[in-house]
Amino acid sequence: MVGRLIVVVLFDGVDLLDVTGPPEVFSLLQREMDEPTGYEVVLAAETLDPVTTSAGVRVLPDVTFDGLAGRRIDTIVVPGAVETDERRQVRAIVEPVVVEAVSTMATGARRVASVCVGAHVLAAAGLLDGKRATTHWSTAHQLAAEHPAVLVDADPIYIRDDNVWTGAGLTACLDLTLALVADDFGEELALRVARQLVMFLKRPSGQSQFSVSLEPVSTTRRIDELRHYIAGNIARPLTVTELAEQAHVSERQLTRIFRTELGMTPAAYIEAARVEVARHRLETTDETLQRIAAGCGFNTVDTLARAFRRRLDTTPAEYRNRFRIG
C-alpha cells in the first residue's frame, strides 16, 4: 500500500463544495477496492479554529499549515473563494497567508490541484507560470489579467499540465478528483466511483464548461429578449435585418449593442447558439448529422462541420464519439 497524504486547504469564505467534494470522491473509492487506498485526507488551515465557509457552514481543520512541516504530501487540493460587488460581478479572493502556505507545501508535493477559483491561489504562488490552466469562466479574465505568465483556457472543465491540475466550476471538482483517482488507480475504478456518485457521465478533461446559456447575463432586457427569440427560432434563417426589426433598432445599432453586451456580432452569437444546440443533440440523440444540421439552422452538414471546426476545433462526428451520453 502506498501512503498518499492529501491536504485540502481551508480558509474563511472558502466555497463549501470545493472542500467537501474531493474528499467524498477519495472516500468512495475505498468501496470499490479490497485493499486500502492509502489515501489520508486532512483539512489544513492557518490555525485550528473553525473555518466559516461561503455557505455559512463551519468546518474544523485537522491540522495547521505549520503542523504539516516535515510530512510527505502527495496531493494538495486548493479550493477557492469569491466576492460579489453591487453589480453582481464576481472576483476571486486570494489570501496572502494561504498563498505562502501553498507555495511552501507544493515544494515537496507530488501534485497540486486547484478547484474552481482556487487557480488564483496557485497563480499567486507562481505555480502556474508558463502552464496552461483553467478556472471558473466568471473569473477567467481576472486570472489572465493579473497573471499574464499563465496560459488561461476558460473552456475545459479541467486541465493537467505536468503535475499541476486546475478545475473549472464547483461541480467540476468531482470530474477533477475522478481524474486524480484515475491517475492513481486507472479509469475502471474511477468510473465505478462515478456510478456511486450517480454522475450521468464521467466527463473527459476536454469537455467544455462553456455554454451559450451560461454566458454572463446581459444588462438590458432588449438583448435578453433577442436571445430568447434566437433560441426559439434556431432552425430558421436569421438575419441581422430580422433581429433589428424585432428589437426596433437599426442594423448598425443592433451590431453595436451585441458587441457591447455580448462581445460578439449578431452573426457570431447565432452561430454559437446553433453550435450549442447541435452539441446537445450530438451528446443525447442518435439523429443523423443531416437532421441535426437542418434542425439547428445550418442546413448542410458541411456548414455544421465548419462551425464546429471554428468554435470547438473538432468535427461533429469526433465530438459525438467523445461525448455521447449513454
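Screening the candidates Thr177, Thr171 for the property of being open to solvent by 10 Å² or more (accessible area, probe 1.4 Å), touching a residue at least 40 places away in the same chain (Cβ under 8 Å) and polar (S, T, N, Q) yields one hit, Thr171. Please tell me if Ser103 is small (Gly, Ala, Ser) and not in a loop (DSSP other than H, G, I, E, B). Yes, satisfied.
The set of residues in the range 140-155 that are surrounded by fewer than 23 Cβ atoms within 10 Å (Cβ to Cβ) and in contact (Cβ under 8 Å) with a residue 24 or more places away in the chain comprises Gln142, Glu146, His147, Ala154, Asp155. When the range 233-292 is filtered for residues that are without any contact (Cβ under 8 Å) to a residue 12 or more places away in the chain, within 20 Å of Ala305 (Cα to Cα), under 30 Å from the mean Cα position of the chain (by Cα) and open to solvent by 60 Å² or more (accessible area, probe 1.4 Å), the ones remaining, listed by number, are His280, Asp286, Thr288. Restricting the range 21-42 to residues that are open to solvent by 30 Å² or more (accessible area, probe 1.4 Å) and touching a Lys or Arg at 6+ places or on another chain (Cβ under 6 Å) leaves a set whose member that is modelled with the highest pLDDT is Tyr39. Looking only at residues of the range 43-58 that are touching a residue at least 40 places away in the same chain (Cβ under 8 Å) and surrounded by 18 or more Cβ atoms within 10 Å (Cβ to Cβ), we find that the one that is nearest to Ala113 (Cα to Cα) is Ala44.
Is one or more of the residues making up the range 83-97 assigned by the TED database to the domain that holds Asp184, surrounded by 23 or more Cβ atoms within 10 Å (Cβ to Cβ), in contact (Cβ under 8 Å) with a residue 12 or more places away in the chain and out of contact with any His (no Cβ under 8 Å at 6 or more places or on another chain)? The answer is no, given that none of the residues of the range 83-97 is assigned by the TED database to the domain that holds Asp184, surrounded by 23 or more Cβ atoms within 10 Å (Cβ to Cβ), in contact (Cβ under 8 Å) with a residue 12 or more places away in the chain and out of contact with any His (no Cβ under 8 Å at 6 or more places or on another chain).
The values are calculated or read from the model by the stated rules, or taken from the named source; none is laboratory data. Only a predicted model underlies this, so the values are computations on that prediction, with no experimental measurement involved. Using ideal geometry, Cβ is built from the backbone for each residue, glycine included, and neighbour counts are taken over all protein chains shown. Protein only, heavy atoms only, side chains kept; ligands, DNA and RNA dropped before computing areas. Shrake-Rupley method; radii C 1.70, N 1.55, O 1.52, S 1.80 Å.
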